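Asker: Here you go, one structure.
The values are calculated or read from the model by the stated rules, or taken from the named source; none is laboratory data. No experiment lies behind these values; they were computed from the predicted model shown. So basically every Cβ, Gly included, is an ideal-geometry build from the backbone, and we count neighbours across all protein chains shown.
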């Protein structure tokens with residue numbers, strides 16, 4: 001076990017942040033599988049549930065990282081990649097909790113939940129980036 005911590009300690013901040021974020025997201029996806037699709041949850045083995053949770057956490061986390069990097073490149077902010085990965089970790093957990101809370105009481109299938117949640121994240125990130133870009137352009141015009 002000590003070797004694992006030594007190995008983990010030697011990794012760069014991006015690898016550490018990604019690993020910790022995915023490990024933190026997995027229980028949320030595990031609960032989400034149970035809440036949204038109980039029939040599927042009880043029909044599969046626990047190993048398969050963990051694998052599904054891992055894969056969904058991986059996709060969810062990197063979608064956040066992707067949109068944050070796009071936002072920073074459009075706004076031409078100095079790319080502090082370390083901060084972007086940390087912010088993606090926080091946003092991915094928060095956004096998944098919001099999506100679960102909103103869609104828990106609806107009668108969506110798990111496929112519909114995934115589609116709606118991923119679209120919600122994409123649209124909210126795109127709108128946020130567009131609003132930031134428009135506000136920055138107006139501020140630049142005021143200075144001139």
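Asker: Mind checking which residues of region 1-12 are part of a helix (DSSP H, G or I) and either surrounded by fewer than 12 Cβ atoms within 10 Å (Cβ to Cβ) or at pLDDT 80 or above (or both)? Step through it out loud before you land on a result.
Answerer: In the first step, residues of region 1-12 are kept if they are part of a helix (DSSP H, G or I); the result is 2-10.
Passing the criteria: 2, 3, 4, 5, 6, 7, 9, 10.
Asker: Can you find a residue that is surrounded by 15 or more Cβ atoms within 10 Å (Cβ to Cβ), at pLDDT 90 or above and part of a helix (DSSP H, G or I) anywhere in region 40-48?
Answerer: No.
Asker: Consider residue 106 against the criteria (1) at pLDDT 85 or above; (2) loosely packed, with under 13 Cβ neighbours inside 10 Å: it satisfies all of them except one. Which criterion is unmet?
Answerer: Going through (1) at pLDDT 85 or above; (2) loosely packed, with under 13 Cβ neighbours inside 10 Å one by one, residue 106 breaks only (1).
Asker: Find all pairs meeting these conditions: Cβ atoms under 7 angstrom apart; at least six residues apart or on different chains; first residue within region 124-144 and in a helix (DSSP H, G or I); second residue surrounded by 13 or more Cβ atoms within 10 Å (Cβ to Cβ) and at pLDDT 80 or above.
Answerer: Qualifying pairs under 7 Å: 125/67.
Asker: Ok, one more. Can you tell me how many residues in region 49-85 are buried (at least 17 other Cβ atoms within 10 Å of the Cβ), farther than 14 Å from residue 125 by Cα and modelled with pLDDT of 80 or more? Give the steps one after another, and end with the answer.
Answerer: First, the residues of region 49-85 that are buried (at least 17 other Cβ atoms within 10 Å of the Cβ): 49, 52-53, 56-57, 60-61, 63-65, 67-68, 71-72, 84-85.
Within this subset, residues satisfying the condition of being farther than 14 Å from residue 125 by Cα are 49, 52-53, 56-57, 85.
Going one step further and asking which of them are modelled with pLDDT of 80 or more, we end up with 49, 52-53, 56-57.
Number satisfying all stated conditions: 5.
Asker: Given the options 34, 28, name the one that is more than 14 Å from the chain's Cα centre (by Cα), in a helix (DSSP H, G or I) and at pLDDT 85 or above. Step through it out loud before you land on a result.
Answerer: Values: 28 fails: more than 14 Å from the chain's Cα centre (by Cα).
Step by step, each of 34, 28 is checked, and only 34 is more than 14 Å from the chain's Cα centre (by Cα), in a helix (DSSP H, G or I) and at pLDDT 85 or above.
Asker: Residues of region 109-121 being modelled with pLDDT of 85 or more and surrounded by fewer than 14 Cβ atoms within 10 Å (Cβ to Cβ), which ones?
Answerer: Those that are modelled with pLDDT of 85 or more and surrounded by fewer than 14 Cβ atoms within 10 Å (Cβ to Cβ): 111, 112, 115, 119.
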